[in-house]
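Structure record follows, encoded as structure tokens.
Nothing in this text is a laboratory measurement; each read-out follows from the coordinates by a stated rule. These figures come from a predicted structure and were not determined experimentally. Cβ coordinates were reconstructed from backbone atoms using ideal geometry, including for glycine residues, and neighbour counts include every protein chain displayed.
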Amino acid sequence: MTEVSVCVPNAPEYLRVIRQIAMVVGAKADLLLDALDEGQLASDEAANILMKFAEPGASLNFEWETEPGVLHLRARTRCSLSHLPDLPATLGYAWVIISSITSKLEIFLENGEVHVDLSVESAI
Amino acid sequence: MLTAGAVNELIRELRSPDVTAARTDELKSEIIAEHQGLIHHFIRLYDVQVVEDLVQLGTIGVLAAIDKFDLDRQVAFATFAGVRIRGEISHYLRDNATIRIPRSVQSHIKVVRTAQDTFVAQHNQLPTFVQLAIHADLNRSELFDAMQANQSTHLFSLDDPETYLDIPATHSEYEFVDEWASVRPAIDQLAPLERKILGMRFIEQKRQGEIAQELGMNQMAVSRRLNSILERLRHHVTAV
């Protein structure tokens, strides 16, 4: 079930909003504190990835869902690329970070949009 | 690098009644240059990005130390100057912190840290958000505010014992992973404790709770450090 969805302009000043929403939604999923923190970080990194690939003028869309101990994020934006570049090489350390803190991570192109789908969960 | 005795000789010459204005400038410049490493050492202990401003303040600290240093006391000038440098920097940061946290929230941060520590001691694992709210006797809104304020505070006190943690090794693995190449200069600027935390999280793949336990820190402190580190790495990438 979608808990929260939000659409923001492609601008770094909105990253704080994304982090705050991730925290509120993650708290509702009753994540352990470190997973709650990493839910914010993962959402932040997802937003950065979208910003990197977004078409000029495209807005960024985020949908968070929860289940006990797990936070899911589906993020997407319009993208004019026909295929994604090599992600580890393109994203550099950001790739290491986002792939380290997520239990599921998919970045793909579909219908002219780049998608970042990820999950963060508490490790008990 | 000058010995303590050589620095004392420069100060002695500086105070000589015969010294010219040009020589005074020269001597002061030499002493300041000699203590740049010390200034940067203290700046690194604080987690800030206004390094240039702080270098100037550190220099003011060295100049004040030159004026006040007692050559007859058995104390190295660097030790005395360190106190002045630290004073200048900490006063500036205290008065110019960009984010001021209300006292009530500051007290909640302390309550939350204590509650988290006691929870971990009792249950041997981190609490969830709800568990922590109950344990700290705060409502959700108060806990949100405290946690957000904790993350927003990127100044670390020189009195914070974590600053002095002895870190035996750095992670040379950074040198061999291409993905870290773009941020290597920023990693090199991190304090040893920060490099250690970064390596434990993203190379050793340890959770924040494990890192906190291993380093004898609180998870909120690890979280705060990690957020600050990653913000600086990102800043480095966008700045180059």
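Each residue of region A:103-113 was assigned a 3J(HN,Hα) from its phi angle through the Karplus expression (A = 6.51, B = -1.76, C = 1.60, θ = phi - 60°), giving 8, 9, 8, 10, 10, 8, 9, 7, 6, x, 10 Hz with x at Gly and Pro.
Cα to Cα, under 14 Å, and not fewer than 8 places away if on the same chain: which aspartates and glutamates meet these conditions relative to A:K28? Hits, sequence-local ones excluded: A:E3, A:D37, A:E65, A:E67, A:E121.
Just in region B:178-216: which GluC sites (Glu not before Pro) are loop by DSSP and have at most 15 other Cβ atoms within 10 Å? If you can, show how the numbers build up before the last one.
Values: sites: B:E179, B:E194, B:E204, B:E210, B:E214; in loops: B:E204.
Passing both the DSSP loop test and the Cβ count: B:E204.
Residue by residue along B:216-225, Cβ atoms of other protein chains within 10 Å of the local Cβ number 2 on average.
How do the peptides A:54-62, A:114-122, A:68-76 rank, highest first, by the average count of neighbouring beta carbon atoms within 10 Å per residue? Intermediate results must be reported in sequence, preceding the final value.
Details: A:54-62: 16.7, A:114-122: 22.0, A:68-76: 20.2.
Most protected by this proxy first, the peptides run A:114-122, A:68-76, A:54-62.
The packing ranking, built from the mean of other Cβ atoms within 10 Å per residue, places the peptides B:12-23, B:75-86 in the order B:75-86, B:12-23, highest first. Please work out the Cα center distance from region A:45-98 to region B:1-77, rounded to the nearest Å. First find each Cα centre; the distance between them is then 50 Å. Here the 3J(HN,Hα) profile of region B:77-87, calculated from phi with Karplus coefficients 6.51, -1.76 and 1.60 at θ = phi - 60°, is 4, 4, 5, 5, 5, x, 5, 5, 4, 4, x Hz, Gly and Pro shown as x.
Take peptide A:33-43, look around each residue's Cβ out to 10 angstrom, count Cβ atoms belonging to other protein chains, and average those counts. Don't skip to the end; give the middle numbers.
On the way: counts 17, 13, 6, 7, 11, 5, 0, 5, 4, 0, 0.
So the per-residue partner count for this stretch is 6.
To the nearest whole number, what is the average tally of beta carbon atoms from other chains within 10 Å of the beta carbons of peptide A:87-96? Walk me through the numbers on the way to the answer.
Values: counts 0, 3, 2, 0, 2, 9, 18, 7, 1, 7.
Partner-chain Cβ atoms within 10 Å, mean over residues of A:87-96: 5.
Remark: chain A carries a charge dipole of roughly 300 debye about the Cα centre, counting +1 on each Lys and Arg Cβ and -1 on each Asp and Glu Cβ.
Ranking B:V75, A:F108, B:H235 by how far each Cα lies toward the positive end of the dipole of the protein assembly as shown (charges on Cβ) leaves B:V75 at the top. Largest mean-square fluctuation among A:T102, A:T90, A:T66, in a Gaussian network model of chain A whose springs join Cα atoms under 10 Å apart, belongs to A:T90.
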